[in-house]
Amino acid sequence: MRLLKRGAIFLLVFMLLLGWGCKGKASVANVGNEEVTYQQAQLYLALTLQEYEKIGGSQIWEMKIGGLEAYDAACEAALDSMILSKTVLSRIPNRQKVLTLEEEQLIEGAVDILYERLGTETLQEWDITREEVKNYIQEDYYVSTFISQMNYSPDMGEVDRLVEEAFVWYDNVNVAEYMEKIRMDTIFLYCGQMMDDQWVSYSEEVRQAQYAKAEEALERIKAGEPFDKVRKEYSEEEKIRDAAAFNVGVVRTDNAHMFYKGQLERNLWEVLFRIPAGQISEILECEQGYLIVRVMSYPAAGKQDEKLYRKKLQEAKDAYRLQVIEEQSAQGINRIIEQWQEELYIHVDTNQWQQIMESVRMKISAT
C-alpha cells in the first residue's frame with residue numbers, strides 16, 4: 001500500500017462535487033477500536049474521486065490505471081486511505097489530540113465551507129450532522145500531523161546504489177553526441193496524461209481521433225498553410241519545450257526552440273536528426289502522443305558544452321539523491337504503518353462498501 005500524501009487533504013473537503021444519498025449509521029469498516037461509518041466512507045470515496053477528476057478531468061473515468069478501470073482504482077485507493085487513517089489514528093496518544101485555538105478555527109472554517117458547498121439539504125439527506133463532519137476533518141488533521149512528525153532514516157548505502165544505478169547511462173554517454181543541437185518547432189497531440197506519477201494512456205478510440213487530427217494538420221501544412229498557423233490551431237502544448245518527450249535528459253537548453261539531442265526521448269533521436277534543416281517531418285509517434293516537427297537548423301556545439309554537461313549532471317545527481325532519501329523515508333514509514341495494521345483486527349463490510357461504490361458509480365454515469 002502506497003503512503004498517501006495527506007499534508008492538507010482536509011482542506012480539499014470543501015471542493016467535493018457530491019450529491020449522493022446516504023444510508024444509516026452502520027459501520028462500514030473496523031480497524032482495531034476505530035470504526036468507519038457509512039457517512040465517513042462516502043466522504044473518503046468522494047475525496048478520492050475528486051482528486052482523480054481534478055488531475056484527469058471527467059474523461060479520467062474512461063482510462064485505466066495500473067490495469068484497473070480508473071473508477072475501480074479510485075475505490076481501491078479510497079479503501080486504503082480509510083484503513084491507513086484509522087490505523088494511524090489508533091496509534092495517536094490522546095494527549096496529542098489537542099488542538100490550538102488557531103487549529104480549531106481552521107477546522108471550523110473547513111466545516112463551514114463544506115456545508116456551504118454541499119448545502120444543508122444534501123447533508124440532511126445523507127443524515128450527516130455538523131459534528132460528524134467536524135470529527136471527520138479533525139481526525140484527518142490528526143493523522144496528517146502525526147505522519148508528518150514520524151521519522152525514518154534510510155540506508156544511505158542503498159541510496160548511493162540507487163543514485164549510481166539511475167545515472168550509469170549518463171556517466172558513460174558520449175557527451176559530444178548528447179550535446180548535439182537541433183532547432184525545431186512542433187505540433188504535439190497527446191494520447192494520455194500523467195496520473196499519480198505514472199503515464200496513463202487514453203483509450204484506443206481517443207488515440208485514433210488524435211491521429212486523425214494529426215493527419216488533418218499535416219495535410220493543411222502540405223497544402224501550403226503556414227506551420228505557425230496550423231500549430232496554433234492543433235498543438236496541445238503551448239510551449240513545446242515543456243513537452244515530456246523533450247525533457248528526458250539531465251541537461252536541457254533554455255532556448256524555446258533549441259534542444260540537445262540527449263534531452264529528447266531516445267526513440268526520436270535517429271528520426272529527428274536525419275531530417276534536413278528547413279523540412280517538415282511526417283507524423284511521428286512517441287510515448288506521449290503524436291507530433292509533427294519542423295526542423296529549423298542544427299547549430300554547432302560550443303566549447304563549453306562538455307563542462308556544462310558535467311556541471312548539470314552533478315546537479316541532477318544531487319537533486320535525485322534528495323528525492324531518493326525522501327522516497328525511502330516515506331516507504332519506511334509506510335512499512336511501519338503496515339506493521340501496525342498486521343497487529344490490528346481489520347474488517348470491511350464488503351456489502352456496504354459495494355453499495356457505496358455502486359451508488360456513486362451511477363451518479364458519475366448520469367452526469
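Read-outs: derived from the displayed coordinates by stated rules, not from any lab. Everything quoted here is computed from the prediction, not taken from an experiment. Here the Cβ positions follow ideal geometry from the backbone for every residue, glycine too, while neighbour counts run over all protein chains shown.
Between 0 and 90 degrees, the angle of helix 156-166 with respect to the longest Cα principal axis of the chain falls at about 40 degrees. Nearest 0.05, what FRET efficiency do residue 267 and residue 347 give at R0 = 56 Å with Cβ-Cβ as r? The computed FRET efficiency comes out at 0.70. To the nearest ten degrees, helix 70-91 and the longest principal axis of the Cα atoms of the chain are 50 degrees apart. For residue 296, the amide hydrogen comes within under 5 Å of the amide hydrogens of 183, 184, 185, 278, counting only partners 5 or more places away or on other chains and with H modelled in the peptide plane. Quick one: grab the alpha carbon gyration tensor of the stretch 180-300, order the square roots of its eigenvalues as a ≥ b ≥ c, and give me rounded if a/c is under 1.5, else prolate or oblate depending on whether a/b is larger than b/c. Oblate shape, in that a/c is at least 1.5 and b/c is the bigger or equal ratio.
Remark: spin-label model distance residue 335-residue 68 equals 2.4 nm, labels positioned 7 Å along the Cα→Cβ axis. Here 257, 347 are placed in order of increasing Cβ neighbour count within 10 Å, fewest first, which gives 347, 257. Backbone N atoms of the stretch 256-280 closer than 19 Å to the 7 Å Cα→Cβ label point of residue 319 belong to residues 256-266. Of the residues 100, 48, the one with the fewest other Cβ atoms within 10 Å heads the list, and the complete ranking is 100, 48. Hey, for a label at residue 204 modelled as a point 7 Å past Cα toward Cβ, could you say which residues of the stretch 52-70 have their backbone N under 11 Å away? Nothing falls inside the zone, counting backbone N under 11 Å. Angle, helix 204-222 long axis vs. longest principal axis of the chain, Cα atoms, 0 to 90°, nearest 10? It works out to around 30 degrees. By definition, a body whose alpha carbon gyration tensor gives a ≥ b ≥ c is prolate when a/c is 1.5 or more and a/b is larger than b/c, and the stretch 25-77 fits this prolate description.
As a test of the formula, what do you get for the chain when each DSSP H run with n ≥ 4 contributes -39,500 (n - 2.57) and the sum is divided by the residue count, at 222 nm and rounded to the nearest 500 deg cm²/dmol? Walk me through the numbers on the way to the answer.
On the way: 13 runs with 193 residues, N = 367.
So the calculated ellipticity at 222 nm is -17000 deg cm²/dmol.
The Cα atoms of the stretch 123-172 give a gyration tensor whose axes a ≥ b ≥ c have a/c of 1.5 or more with a/b greater than b/c, which makes the shape prolate. With both labels modelled 7 Å from their Cα along Cα-to-Cβ, the residue 301 to residue 228 distance reads 3.2 nm. 3J(HN,Hα) couplings calculated from phi for the stretch 131-147 with the Karplus curve 6.51 cos²θ - 1.76 cosθ + 1.60 (θ = phi - 60°) are, in sequence order, 5, 5, 4, 4, 4, 4, 5, 5, 4, 4, 5, 4, 5, 4, 5, 5, 4 Hz; Gly and Pro show x. Going by neighbour counts of Cβ atoms within 10 Å, the residues 362, 195 line up, fewest first, as 362, 195.
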